[in-house]
Amino acid sequence: MMPKSDAVPLRRMRPLLGTFVEIGLVERPAGTHCAERTFAAAYAAIAKVHDALSFHDPHSELTRLNASKGQPIRMSVHALRVLRLARAMTAATGGLFNCTVGGAMIARGRLPDHGGDSVLPVGDADDIEISATHACLRRPVRITVDGIAKGYAVDVAVSTLRAQGVESGWINAGGDVRAFGELVLPVLCVGQNGNAVRVELYDCSVASSEAGARADAGHDGEIIDMHSQQPVSGRWSVLSHHAWRADALTKVAALAGPAMRERLLSNLGGRCVVAEDVDSVRASAA
Amino acid sequence: MSATTGVYAAEYLAVPAAQKVLFPGADHFVAMPLMLTDAQRDEIKRLSGVRQRSASQAVWRAEQQGVLLGWFIVDEVVGKHEFITYAAALSPQGAVMGIEVLVYRETYGSQIRGETWRKQFVGKRLQEPLILGKDVENISGATLSCKNVTTGVKRLLALQQVALRP
């Protein structure tokens with residue numbers, strides 16, 4: 001079967017997740033209204049994840065957990081799933097990815113303080129207890145899932161598109177890109193000083209993080225090394241199947257250092273395609 | 001889209017299509033282009049904290065059988081380097097009903113051509129993966145903030161109060 005000659009992908013872009021989110025459908029669903037319903041469902045799914053897990057929103061599920069003073073908080077399925085993934089990634093990376101750094105980020109003025117008990121700057125994976133319906137903090141840490149939620153929102157939106165009958169397409173949430181179905185999507189991973197690596201996504205995701213003095217002033221582009229308590233600078237792009245994992249692994253790539261990076265990411269299901277640590281700029285095509 | 005050096009423009013929706021997307025129930029869009037007075041622009045700045053740079057603003061009344069459903073407004077804000085054109089749907093009560101980016105332009109410092117990208121689709125079989133061209137449109141790097149659209153919408157809500165009473 002040949003696609004029609006006008007089988008140009010149908011695309012939409014909306015401001016969401018603090019950035020611009022593009023959704024592309026390779027095949028046009030039957031009827032304009034059907035396509036609009038499909039886009040609306042995917043954008044709604046993204047907004048739902050964002051609303052549940054926003055650190056900035058004083059009324060989000062995550063903020064309620066952070067203010068819970070050790071009491072169990074009932075949370076939605078998506079919120080619990082992201083917490084499980086963030087906790088597992090925190091444990092698996094020995095804290096290189098660490099979802100309990102909210103206290104340190106508040107102290108550095110990078111995240112808002114919504115009040116509550118005295119705050120530990122950083123904790124570990126054991127501080128989060130998760131049941132089928134509730135989450136509970138064992139110590140007064142502040143959880144932030146900013147390093148994983150954008151990617152997760154992309155994954156949820158891809159599932160939503162598939163549930164709507166979309167076979168092939170992509171989502172680009174401000175550079176966290178996932179392509180699915182029978183589609184090869186080229187993406188340019190841009191480093192500093194004009195360096196760029198071109199990758200082709202086939203049923204795959206890529207995410208990038210930029211941190212340090214040159215990071216976009218409009219974004220909270222800060223990644224802190226918890227051992228030195230110092231922020232790191234540079235740009236990193238990571239490939240993985242799921243967008244949440246690619247998103248999280250950019251932070252691991254940033255903090256792992258050149259000696260450990262490749263092996264660590266490989267063990268965790270990712271591949272680094274841009275690694276520019278600012279003190280010794282390097283970009284390597286995979 | 002023609003070949004351009006450094007500036008990439010993705011066109012998502014034309015105005016009539018965006019009107020249908022944002023107001024699917026409307027049967028009529030009445031063009032009401034605004035020409036704001038200096039006093040109105042000052043008032044918009046006072047209410048929103050954002051300067052209304054242009055005296056003119058493209059506005060439509062979205063109507064269903066003569067009843068006002070809301071306002072459809074086309075606006076431009078600067079992204080990182082280039083203008084981003086978007087449409088906002090505002091309810092008569094002054095709530096944001098939806099936002100769609102119409103044209104997204106950015107400078108990437110590389111040559112990107114839309115036509116070759118488009119032609120890749122001709123003659124591909126569905127069972128084979130479609131390869132979206134050699135010229136890359138998707139960029140992964142520093143995340144671009146959408147805060148300029150957020151402040152733009154804030155400005156439009158003030159504009160509605162000042163100049164679009166139903």
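For the reader, a short list of remarks on this structure follows.
- For first residues located in region B:70-99 and touching a residue at least 40 places away in the same chain (Cβ under 8 Å) and under 15 Å from residue B:151 (Cα atoms), partners that are acidic (Asp, Glu) and not in a strand (DSSP E or B) and lie 6+ apart or on another chain with Cβ distances below 9 Å form the pairs B:80/A:216.
- Here the condition is being touching a strand residue (DSSP E or B) at 6+ places or on another chain (Cβ under 6 Å) and modelled with pLDDT of 90 or more; of B:67, B:59, it holds for B:59 alone.
- For residue A:33, the requirement of being closer than 26 Å to residue A:166 by Cα, modelled with pLDDT under 95 and surrounded by fewer than 16 Cβ atoms within 10 Å (Cβ to Cβ) is met.
- Within region A:203-241, the residues that satisfy the criterion of being at pLDDT 90 or above and not in a strand (DSSP E or B) are A:203, A:241.
- Verdict on residue A:155 being touching a residue at least 12 places away in the same chain (Cβ under 8 Å), more than 8 Å from chain B (Cβ to nearest Cβ) and of a type in the set (Asp, Glu): yes
- Where residue A:163 falls short, out of the listed (1) surrounded by fewer than 24 Cβ atoms within 10 Å (Cβ to Cβ); (2) small (Gly, Ala, Ser); (3) facing chain B (nearest Cβ under 9 Å): (3)
- Qualifying residue in region A:106-114 (condition: under 17 Å from residue A:224 (Cα atoms) and touching a Gly at 6+ places or on another chain (Cβ under 7 Å)): yes
The values are calculated or read from the model by the stated rules, or taken from the named source; none is laboratory data. Computed from a predicted model, the values in this text were never measured in an experiment. Please note: Cβ atoms are built from the backbone with ideal geometry, for glycine as well, and neighbour counts cover all protein chains shown.
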